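Nothing in this text is a laboratory measurement; each read-out follows from the coordinates by a stated rule. Small disclaimer: the values here were computed from a predicted structure and weren't measured. Every residue, glycine among them, receives a Cβ derived from its backbone with ideal geometry; neighbour counts consider all protein chains shown.
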Amino acid sequence: MREPKKSNENSRLTRGEARTRLLDAAMMVIREQGYAASTVDDICRAAGVTKGAFFHHFASKEELAVAAADHFAAMADGIFSVAPYRSLPRARDRVIGYVRFRQAIMSGALAEYTCLLGTMVQEAYDSHPVIRTACDRHMSDHARMVQRDIEAAIAEEGLHPQWSAESLAFHTQAVIQGSFIFAKAKHGAAIAHGNLDHLINYLECLFPTKKP
């Protein structure tokens, strides 16, 4: 008698709820297993929905992956828009505060803090161009968020660097994404925290605290 009840509960999900469950499940399953190893059955099982519900919303795993990239980016935008460092009045402190915040949220299971976009693009950059394009768009948008604070810091501190704000923003992302890779290789966040300590030290050299 229990199994029909489960099916009834599944049927009572609204279309939006089922789609959101699939996107949330895809984010976690792909970060745990990688894109290639994650099957539609795996994602449906994690979402608690039927395969029929999956194909009602998505024509393929690839289409789901693109939607999951959008979903992940929107979630990240929400988190970073209200992060404590955003309220710091000095742009230099926001740039460094951003990295400290990235460091602070590196906790729990690897799949909970590593980047879905970075995970997928490493596998799919050549075999699935639409996934690569989606990941590139969102990763670059995130870098541009950091770039705006770097540009403001350059202006506020009266600096005339030989490097560009854009290049430094992408450098921060390269260090963070590389740190995720090493965290996976070492199966722990300690090395990632250490890498971001070095990045913070580097940023403090670029934007030294003004003497009173």
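Quick one: net charge around K184, please, counting Lys, Arg +1 and Asp, Glu -1 for every other residue with C-beta under 14 Å from its C-beta. Don't skip to the end; give the middle numbers.
Working: positive: R31, K186; negative: E32, E112, E123.
For residues surrounding K184, the net value is -1.
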Practice prompt. Work out from phi, with θ = phi - 60° and the Karplus expression 6.51 cos²θ - 1.76 cosθ + 1.60, the ³J(HN,Hα) of each residue of region 130-135, listed in order in whole Hz, and give x for Gly and Pro.
Written response: 5, 5, 4, 4, 5, 5
Worksheet entry | the chain, helix-only ellipticity at 222 nm - DSSP H runs n ≥ 4, -39,500 (n - 2.57), divided by all residues, nearest 500 | -24500 deg cm²/dmol
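Would you please calculate the Kirkwood hydrodynamic radius of region 18-134 over all C-alpha pairs and express it in Å, rounded to one decimal?
Details: mean 1/r = 0.0652 Å⁻¹.
Taking every pair of different Cα atoms in region 18-134, averaging 1/r and inverting gives 15.3 Å.
Over the residues of the chain, compute the C-alpha Rg and express it relative to 2.2 N^0.38 Å. Don't skip to the answer; put the middle values down first.
On the way: Rg = 19.9 Å, N = 212, 2.2 N^0.38 = 16.8 Å.
Scaled against compact globular proteins, the figure is 1.18.
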Worksheet item: Within straight cross-link reach of K184, meaning Cα distance under 16 Å, which aspartates and glutamates are found once same-chain residues fewer than 8 apart are removed?
Response: E32, E112, E123
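Divide, for region 87-209, the radius of gyration over alpha carbons by 2.2 N^0.38 Å, where N is the residue count. Mind showing how you got there, number by number?
On the way: Rg = 15.2 Å, N = 123, 2.2 N^0.38 = 13.7 Å.
Normalised Cα radius of gyration, region 87-209: 1.11.
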Item to complete: Positive end of the charge dipole of the chain (Lys, Arg +1 and Asp, Glu -1 on Cβ, about the Cα centre): tell me which of F80, A153, V49 has its Cα farthest that way.
Response: V49
Worksheet item: Just how large is the dipole of region 93-157 about the Cα centre, in debye to the nearest 20, putting +1 at every Lys and Arg Cβ and -1 at every Asp and Glu Cβ?
Response: 120 debye
Discussion item. Only four residue types carry charge here, +1 at the Cβ of Lys and Arg and -1 at the Cβ of Asp and Glu. Report the dipole size of the chain about the Cα centre in Debye, rounded to the nearest 20.
Written reply: 520 debye
